[in-house]
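Encoded as structure tokens, the structure appears first; notes follow it.
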Amino acid sequence: MASTASPPSGTVVAAAYCVPRNYDPALHPFEVPREYVRALNATKLERVFAKPFLASLDGHRDGVNCMAKHPKSLSTVLSGACDGEVKIWNLTKRQCIRTIQAHEGFVRGMCARFCGTSFFTVGDDKTVKHWKMDGPGYGEEEEPIHTILGKTVYTGIDHHWKEAIFATCGHQVDIWDEQRTSPICSLTWGVDSISSVKFNPIETYLLGSCASDRNIVLYDMRQSTPLKKVILDMRTNTLCWNPMEAFIFTAANEDYNLYTFDMRFLETPVMVHMDHVSAVLDVDYSPTGKEFVSASFDKSIRIFPVDKGHSREVYHTKRMQHVISVKWSFDNKYILCGSDEMNIRLWKANASEKLGVLAPREKAAMNYNQKLKEKFQHHPQIKRIARHRHLPKAIYSQAKEQRIMREARRRKDLNRRKHSKPGSLPFVSEKKKHVVAVVK
């Protein structure tokens with residue numbers, strides 16, 4: 001009778017039962033075809049399991065105009081609406097934990113203090129209000145810590161990443177100390193109103209702002225003067241600094257594109273990101289600095305890799321209207337977007353990712369499949385499946401129309417060049433087309 005006993009445990013004895021693997025390619029003639037089939041299946045399954053929408057946070061009675069992330073708590077997010085209401089949400093419970101009637105009219109901007117104990121809001125009532133993050137005690141009134149009454153409407157606010165300093169923008173950029181009721185310094189260049197201001201997370205004394213006269217202006221707090229500005233074809237709505245690369249920022253423009261600039265070389269953008277079919281209203285970077293998410297008037301949000309001109313992902317729902325604000329969570333897993341129809345939506349940053357704890361075998365299989373997809377990503381079949389997205393009819397037809405228009409412009413350019421003296425019409429790259437001037 002043959003023994004059916006299992007081999008004795010123990011490292012030395014177990015080693016005797018290990019089957020060696022010979023990697024000689026002559027012994028594995030079908031390795032690449034087998035891997036290709038696995039990669040194809042992995043790509044198909046990725047599209048099958050792509051269910052990015054997680055939850056809708058409803059409770060606002062007007063469009064969500066701005067949002068802010070809590071710097072210390074992943075599960076807390078703040079939102080401000082067009083009726084002056086500010087809500088604080090708990091994302092794990094997916095419910096509102098506090099509501100404040102902060103302003104009369106729109107809440108134009110909000111930001112959390114770097115320590116997470118308080119936050120600031122600005123509104124149409126010309127005030128800057130400083131609020132505690134924790135709610136009032138039993139029997140206490142909901143009051144701001146202090147209120148600053150300004151001369152004009154403030155359209156945006158951002159807090160310094162390390163110090164008790166914040167910046168507001170309106171008809172000029174004001175730098176404030178938290179303890180004072182008048183600005184430390186006011187920065188201005190040009191006469192038009194400024195729509196947003198952002199502190200650099202790495203070089204924390206640098207600021208960027210977008211004005212409605214098509215400028216993006218960079219300031220240095222130490223000099224109390226503007227550094228330089230770049231003038232684009234159309235107005236920039238907002239910008240966001242890359243959290244990993246100090247000099248890189250991405251600007252969301254009215255001409256349906258996003259422009260990634262290196263602030264040292266503003267003459268040409270590093271990359272032009274094209275895919276939206278309407279004005280881009282907001283942009284936020286992932287904490288890795290490798291990708292960013294953009295919100296658009298075309299009722300969709302898109303995820304772009306920093307070094308690619310086209311989006312890798314587009315999210316939309318039937319009910320979602322114009323998306324006004326968007327945020328990428330600090331753990332790199334989730335995206336939040338606030339839109340016109342009073343909802344905040346929670347999405348997965350990676351559409352087909354499995355949430356929760358993964359078993360070691362699941363993790364190994366996932367990593368293996370990822371490597372296979374990378375290896376065969378340029379094969380036409382796999383590329384086609386990985387790239388394909390269903391789009392709403394409106395977006396699809398607009399994108400098609402824009403493609404035709406772009407092609408017509410290219411043909412016209414070609415014909416003009418053909419019938420002109422050689423060298424009289426220089427080639428202008430797509431990157432340089434949109435920059436009008438750089439002023440220092």
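Any idea which residue in segment 288-304 is farthest from ALA394 (Cα to Cα), counting only those that are surrounded by 24 or more Cβ atoms within 10 Å (Cβ to Cβ) and among the hydroxyl-bearing types (Ser, Thr, Tyr)?
Restricting to residues being surrounded by 24 or more Cβ atoms within 10 Å (Cβ to Cβ) and among the hydroxyl-bearing types (Ser, Thr, Tyr), the top hit is SER294.
Filter segment 215-241 down to the residues that are touching a Cys at 6+ places or on another chain (Cβ under 7 Å) and among the β-branched types (Val, Ile, Thr), then identify the one that is nearest to MET263 (Cα to Cα).
ILE216
Evaluate the following for SER186: is it part of a strand (DSSP E or B) and either at positive phi or touching a Ser or Thr at 6+ places or on another chain (Cβ under 8 Å) (or both)?
no
Could we say that ASP233 is acidic (Asp, Glu) and without any contact (Cβ under 8 Å) to a residue 60 or more places away in the chain here?
No; evaluated as a whole, the condition is false for this residue.
Go through segment 99-125 and give me each residue that's open to solvent by 30 Å² or more (accessible area, probe 1.4 Å) and farther than 20 Å from PHE330 by Cα.
If the condition is that a residue be open to solvent by 30 Å² or more (accessible area, probe 1.4 Å) and farther than 20 Å from PHE330 by Cα, then THR99, GLN101, GLU104, GLY105, PHE106, ARG108, ASP124, ASP125 are the ones that fit.
Kindly indicate which of HIS316, HIS379 is open to solvent by 50 Å² or more (accessible area, probe 1.4 Å) and touching a Phe, Trp or Tyr at 6+ places or on another chain (Cβ under 9 Å).
HIS379
In segment 414-427, how many residues are surrounded by 10 or more Cβ atoms within 10 Å (Cβ to Cβ), under 41 Å from the mean Cα position of the chain (by Cα) and not in a helix (DSSP H, G or I)?
Residues in segment 414-427 being surrounded by 10 or more Cβ atoms within 10 Å (Cβ to Cβ), under 41 Å from the mean Cα position of the chain (by Cα) and not in a helix (DSSP H, G or I): 1 in total.
Checking the condition farther than 30 Å from ARG61 by Cβ and free of Cβ contacts under 8 Å to residues at least 40 places away in the same chain, which residue from SER420, SER352 passes?
So the residue among SER420, SER352 that is farther than 30 Å from ARG61 by Cβ and free of Cβ contacts under 8 Å to residues at least 40 places away in the same chain is SER420.
Let me spell it out: the conditions are (1) closer than 17 Å to ALA112 by Cα; (2) open to solvent by 50 Å² or more (accessible area, probe 1.4 Å); (3) part of a loop (DSSP other than H, G, I, E, B); (4) in contact with a strand residue (DSSP E or B) (Cβ under 6 Å, 6 or more places away or on another chain), and GLU163 meets all of them except one. Which number is the exception?
(4)
Would you pick out the residues in segment 18-31 that are open to solvent by 80 Å² or more (accessible area, probe 1.4 Å) and under 26 Å from ILE382 (Cβ atoms)?
Within segment 18-31, TYR23, PRO25, PRO29, PHE30 meet the criteria.
In the list SER278, SER311, which residue meets the criterion of being in contact with an Asp or Glu (Cβ under 8 Å, 6 or more places away or on another chain), among the polar types (S, T, N, Q) and either free of Cβ contacts under 8 Å to residues at least 12 places away in the same chain or within 15 Å of ARG389 (Cβ to Cβ) (or both)?
SER311
The values are calculated or read from the model by the stated rules, or taken from the named source; none is laboratory data. Everything quoted here is computed from the prediction, not taken from an experiment. Neighbour counts run over all protein chains shown; Cβ positions are idealised from the backbone, glycine included. SASA here: full protein model, heavy atoms, side chains in, ligands and nucleic acids out. Shrake-Rupley method; radii C 1.70, N 1.55, O 1.52, S 1.80 Å.
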